[in-house]
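The values are calculated or read from the model by the stated rules, or taken from the named source; none is laboratory data. Here the structure is a predicted model, which is why all the values come from computation and not from measurement. Here the Cβ is made from the backbone with ideal geometry for all residues, glycine too, and neighbour counts use every protein chain on show.
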Amino acid sequence: MRVSRFTPSPLEGEGWGGGYTKNFRIPRKVLMFAAQLALNALALGAAYALVALGFVLVLNATTAVNFGHGDTVVAGGFLAVALATLVPGDLAVPGLVLLPAILALMALFGALMSWLVYLPIRDRPPVTTFITTIAFGIIIANGVNALFGGAPRSAPSLIGSGGFSAGELFLSRQSIAIIIVSAILIGGLALLLNRTQLGRQLRACAQDPEMAQAIGIHLTRMTVITFALAAALAGAAGLLLANQFFVTPSDGGVLMLKAYIAVTIGGWGSLRGAVAGALLIASFEVAVASQFSQLVAEGLLYVTLFVVLFFRPQGLFGEPLGQRA
Amino acid sequence: MNIRIGAVPLFAIIAVAIAVYAVGFASSYDLRVLTVSGIYVIVVLGYQFIFGYAGALSLAQGAFFGIGAYVTGILGSQFGWQFTATFPLSILVPALLAATIALPVLRLQSHYFALATLALGQGILLIAINWEGVTGGANGLPGVPGIVIFDIAIPRGLALLAFVWGLAAAAAALAWWIMHGLYGLSFTVMRETPLAADALGIDRAALRFVAFVLSAAYGGAAGALFVHTIRVISPEVLGFAIMVTVLTMTVIGGRTQIVGAVIGAILLIHLPEWFRGLEEYYLVAMGVVLLLVILFAPDGAAAYFGRRPTKAEDKSRPDIVPIDLRPGRKAGFEIKGLTKSYGGNRALDGVDLTVAPGEIVGLIGPNGSGKTTLANLLTGLDRPDGGRITLEGEDITGLPAHRIARLGIGRTFQTPQLAPSLSLVDAVAAAHAGNRNSDLTTAREDAFALLAGFDLTARADQLCRSQPHGVKRSVDLAAALARRPSIIVLDEPAAGLTQDEAATLAGVVRTYAANGAAVLVIDHDMTFLLPLAQRLVCLDAGQVIAHGLPDEVVEEAAVIAAYFGAPVISPASAP
């Protein structure tokens, strides 16, 4: 029998033959690397989920896309930057202290936004809302740019910097805090919408505004509250993102785009879908960026979006909708 | 305030004003600003096709502009190609890109369309920044040559200004030529009442495709002129800021009017100059202006320039007598075993129905029995799950609505579908839009004559949006008849009409059938239907439960049961 010199005989060499079947397992390093990526993706996805939830709340209430939503996140980030100067520097949990203030101020901001960009034009076609929110986004982005300048700024961390090492796994305090804070906010939103009278009224208005009005729900008030909730979530996301990833006035466009894509992938109008879509996007981004670059990740995200829209114009999980906008 | 002025004097005034300002008062910097304004006129004219006429919020116009700029920028600065070669390519490349992505993108609903076009722009910007070997990366490429046409260089300043504005005028003339007739009218119908567009034989997909490709071509041309003016190419030309600027110009100026593009472009490009005192806040001011315009003057500046009715139009309407309406050809239709389900709900369950030329058949049945579903399947607004529909032996099952309409099936709707911003005469004339042999003047004459049949000539120039219900119904029917369909389907035509109105309508339908048309009338109103229909068909729960002469059908027990509930003593419960 002639055996090629390049074919290792089963009998010789312990490296290939024996170990292949006996102790096949994923090397510990790869496992740790994957776990690290998953953790990073979860933290990023949690923050994206807050952005996407605000986006979809307004979407359901107005049947229109809020093009200024990304800029609202930026506004939240810069609000954190501004408020940070008021917090004593030696505080252990600087960001966490700011969170309630940011939620409250951004909710006010959202209410103001609804008065400016939606309530006056609610009877006009949804495209009108697209344009008013674009205009509002321009005002925010350039207002922030004029006040703070165009350079990237960083908001304080939620519970301080640093982290713990568990083997090769690095658990950054900020990542863990982002995941916990987001989970609390998302859970709170779910409780609000599902378990309270206000939440039922909000959902009723989103599902059938005319009927909601007919049974005595104050539609305008619900719209204002929806915008306030959306902006509060966006503001929180701004605070969470602006520490690790910095914030610049021009970030709004890409953030809005990611929320938009998350909602498209998750199913138009679905809150759970928005969270799932956000986590999916973040995992995609973290995984691709770890192998190639942030740039390739972003480019591939758009390509993926086109593929999804080509085969499923109604979104990945969404039911086909009739003419809506 | 409304300035009534003809188009020719208006544009003459604009041209003279620009010329006097440019020659007499402008510094070289002012000239450059004015040149850039002319470039934006072109990109806005392009954007009007897709955003204004087709009504689709494309966010790719800035990308098309940028691609045109990069094609000229790269070929000009790196390879020394001249304007005569690069300019056509700068138009062609974005147009081809638009044509390529049109298939997946244009069928999307408005919010996904906006998203897809936005993502396209972002993707192209990423490529431009990172493909450094070709695009020069974030810094871009210097040394883009000026415009040279067959060895004649066009220097900056007055010459370039005149050249750019000359091209802008040519672009405007082309846009006017494309949109001034019936073709432009069909865009209005598509934008405001998509259902009516389908029923009138207007191919919406084709209109959107043309508008998208044209917008890309115009955007590319403007981008090329832009880099020739500023002489460097950088990723800024792909930035979202340009897209927003173009959108703002179109909204502020006007979405479909040429004068709107001119006003919007001049205003927005000069605004930074006037707001210079605001320094970095001027972009904030721009956002505020955009918001205020949308809130308080949503139709833009051009809405304040009214068109003076020309004398020719007044004279073209002598005392028109109602015309003798005849279908284009005589054809009946046959439906066999038609089924359709929505979710788990069987709307139609094996329906057979035939209507011959010259025959009026009434389709009755309780609410939810499948009457409108049948009309929608017959006219192609929805696709059947099973069964066959034939038109004089030709299988038309599942054809798109506009094809079926062109084959000679017209319809009216339960709620009349009339573009609110059109006059009655134009709403009817638009029905001729799918007909290549017709032009606006003859279409309007015919529409006027059709309206005369309903005694509506006095209102012919009023807008559809301000009409009472009865008038809307009549106009809806007049539009459906304008193409002289062989078959006409009327969905509850008498609902909400006074007796006189219903009688007029019945008269028109009877005459049209007597001239050879096959008519299917869906209605509940027996006092309207019984004298009109020669046969009745009754549907219940998606099945034909009775058919025959009208008097017989209304007497049948099954029909009575369907309308009024089961009889008290049913055979099953009898001892």
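Here are the numbers:
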read-out: Any hit, the stretch B:67-85, residues being free of Cβ contacts under 8 Å to residues at least 12 places away in the same chain and more than 35 Å from the chain's Cα centre (by Cα); value: yes
read-out: Candidate set: the stretch A:276-309, residues that are part of a helix (DSSP H, G or I) and among the aromatic types (Phe, Trp, Tyr); chosen: the one nearest to the other protein chains (Cβ to nearest Cβ); value: A:TYR302
read-out: Selection from the stretch B:23-79 of residues that are away from chain A (no Cβ under 14 Å), small (Gly, Ala, Ser) and surrounded by 24 or more Cβ atoms within 10 Å (Cβ to Cβ); value: B:GLY38, B:GLY46, B:GLY66, B:GLY68, B:ALA69, B:GLY73, B:GLY76
read-out: Flag for B:ALA162 being modelled with pLDDT of 90 or more and of a type in the set (Gly, Ala, Ser); value: yes
read-out: Odd one out for A:GLY269, checked against (1) more than 23 Å from A:ASN145 (Cα to Cα); (2) in a helix (DSSP H, G or I); value: (2)
read-out: All positions within the stretch B:111-134 that are in contact (Cβ under 8 Å) with a residue 40 or more places away in the chain and surrounded by fewer than 17 Cβ atoms within 10 Å (Cβ to Cβ); value: B:VAL134
read-out: Out of B:ALA206, B:ALA168, sole residue that is surrounded by 19 or more Cβ atoms within 10 Å (Cβ to Cβ) and in a helix (DSSP H, G or I); value: B:ALA168
read-out: Meets criteria (under 18 Å from B:LEU34 (Cβ atoms), in the same structural domain as B:LEU97 (by TED's automatic domain parsing) and in a helix (DSSP H, G or I)) for B:THR245; value: yes
read-out: Residue in the stretch A:234-247 that is within 14 Å of chain B (Cβ to nearest Cβ) and of a type in the set (Val, Ile, Thr) present; value: no
read-out: B:ILE13, sole failed condition from (1) assigned to a helix (DSSP H, G or I); (2) crowded, with 23+ Cβ neighbours inside 10 Å; (3) within 32 Å of the chain's Cα centre (by Cα); value: (2)
read-out: B:PRO416 being touching a residue at least 60 places away in the same chain (Cβ under 8 Å), surrounded by fewer than 22 Cβ atoms within 10 Å (Cβ to Cβ) and touching a Cys at 6+ places or on another chain (Cβ under 9 Å); value: no
read-out: Subset of the stretch B:118-140 (residues that are within 11 Å of chain A (Cβ to nearest Cβ) and within 36 Å of the chain's Cα centre (by Cα)); value: B:LEU118, B:ALA119, B:LEU120, B:GLY121, B:GLN122, B:GLY123, B:ILE124, B:LEU125, B:LEU126, B:ILE127
read-out: For B:VAL489: the one exception among (1) touching a Leu at 6+ places or on another chain (Cβ under 6 Å); (2) in a helix (DSSP H, G or I); value: (2)
read-out: Residue within the stretch B:484-496 that is farther than 27 Å from B:GLU392 by Cα and among the charged types (D, E, K, R) present; value: no
read-out: Residue within the stretch A:97-116 that is within 14 Å of chain B (Cβ to nearest Cβ) and either surrounded by 24 or more Cβ atoms within 10 Å (Cβ to Cβ) or within 28 Å of A:ARG272 (Cβ to Cβ) (or both) present; value: yes
read-out: Whichever residue in the stretch B:437-455 is assigned to a helix (DSSP H, G or I) and among the hydrophobic types (A, V, I, L, M, F, W, C) and, among such residues, is surrounded by the most Cβ atoms within 10 Å (Cβ to Cβ); value: B:LEU450
read-out: Failed condition for B:ARG383, given (1) assigned to a loop (DSSP other than H, G, I, E, B); (2) buried (at least 17 other Cβ atoms within 10 Å of the Cβ); value: (2)
read-out: Residue in the stretch B:490-505 that is surrounded by fewer than 18 Cβ atoms within 10 Å (Cβ to Cβ), closer than 27 Å to B:LYS340 by Cα, within 33 Å of the chain's Cα centre (by Cα) and not charged (D, E, K, R) present; value: yes
read-out: Number of the exception - B:LEU108 against (1) surrounded by 18 or more Cβ atoms within 10 Å (Cβ to Cβ); (2) of a type outside the set (Gly, Ala, Ser); (3) part of a helix (DSSP H, G or I); (4) within 14 Å of chain A (Cβ to nearest Cβ); value: (3)
read-out: Residue within the stretch B:244-262 that is within 14 Å of chain A (Cβ to nearest Cβ), at pLDDT below 90 and over 26 Å from B:ALA170 (Cβ atoms) present; value: yes
read-out: Total residues in the stretch B:80-105, condition polar (S, T, N, Q) and within 14 Å of another protein chain (Cβ to nearest Cβ); value: 1
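Yes/no per residue for (1) away from chain B (no Cβ under 14 Å); (2) at pLDDT below 90:
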{"position": "A:ARG122", "(1), (2)": "no, yes"}
{"position": "A:PHE130", "(1), (2)": "no, yes"}
{"position": "A:GLY137", "(1), (2)": "no, no"}
{"position": "A:ALA155", "(1), (2)": "yes, yes"}
{"position": "A:LEU158", "(1), (2)": "yes, yes"}
{"position": "A:SER161", "(1), (2)": "yes, yes"}
{"position": "A:GLN174", "(1), (2)": "yes, yes"}
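Residue by residue, here is whether (1) over 15 Å from B:ARG255 (Cβ atoms); (2) of a type in the set (D, E, K, R); (3) touching a helix residue (DSSP H, G or I) at 6+ places or on another chain (Cβ under 8 Å) holds:
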site: B:ILE42; (1), (2), (3): yes, no, yes
site: B:GLY46; (1), (2), (3): no, no, yes
site: B:PHE49; (1), (2), (3): no, no, yes
site: B:GLY52; (1), (2), (3): no, no, yes
site: B:ILE74; (1), (2), (3): yes, no, yes
site: B:LEU89; (1), (2), (3): yes, no, yes
site: B:LEU96; (1), (2), (3): yes, no, no
